[in-house]
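Here is the structure we will look at, set down as structure tokens.
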Amino acid sequence: FKGQEPGTAEEIAAFCSATYGVTFPMTAKTEVNGPGAHPVYRRLTEAPDADGEAGPVQWNFEKFLVGVDGAVAARFRPRTEPTAPEVRAAIEQLLQ
């Protein structure tokens with residue numbers, strides 16, 4: 001978004017590791033909106049958020065919760081913290 005991650009996948013991974021201590025596997029940089037959107041994001045963005053709004057990813061840190069059946073169970077916009085009660089509740093619901 002807005003050129004926040006210029007460079008190659010390797011450069012981005014090195015930056016995230018050095019700056020944020022990221023140790024988990026990361027996907028390569030990919031299109032999430034528009035005609036060049038990756039098929040996964042085309043599917044994810046069909047899911048509505050809590051306000052019933054589907055559509056493009058708004059900004060970094062938009063979150064999608066996918067069930068074991070591959071269906072989008074919930075969508076949380078960027079301002080929703082990963083530890084927010086509604087995120088935790090949605091995860092716990094899927095774990096039942």
Handout entry: Per residue, in Å², the accessible surface of region 1-43 once ligands and nucleic acids are set aside, probe 1.4 Å
Key = 82
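How much of the accessible area of the chain, in percent, comes from carbon and sulfur atoms when a 1.4 Å probe is used? Write down the numbers at each step before the final one.
Values: 4090 of 7220 Å².
Ligands and nucleic acids excluded, carbon and sulfur give 57 percent.
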Handout entry: Dipole magnitude of the chain, debye to nearest 20 (Cβ charges: Lys/Arg +1, Asp/Glu -1, about Cα centre)
Key = 60
Handout entry: Rounded, prolate or oblate (a/c below 1.5 giving rounded, otherwise prolate when a/b exceeds b/c) for region 10-96 by Cα gyration tensor
Key = oblate
Fill in the blank from the handout: Expressed in nanometres to one decimal, the distance between label points 7 Å along Cα→Cβ at residue 80 and residue 59 is 1.6
Problem - GluC sites (Glu not before Pro) within region 49-96: DSSP coil, no more than 16 neighbouring Cβ in 10 Å - result: 53
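Relative contact order (percent) for the chain, with alpha-carbon contacts under 8 angstrom and 6 or more residues of separation?
Working: 86 pairs, mean separation 15.8, N = 96.
About 16 percent, as a whole number.
The values are calculated or read from the model by the stated rules, or taken from the named source; none is laboratory data. It should be emphasised that the depicted structure is a prediction, and the values quoted were computed from it without experimental measurement. In this analysis, Cβ positions are derived from the backbone assuming ideal geometry, glycine residues included, and neighbour counts consider all displayed protein chains. Ligands, DNA and RNA are stripped out before the accessible areas are found, and what is left, the full protein with its side chains, is counted by its heavy atoms. Shrake-Rupley method; radii C 1.70, N 1.55, O 1.52, S 1.80 Å.
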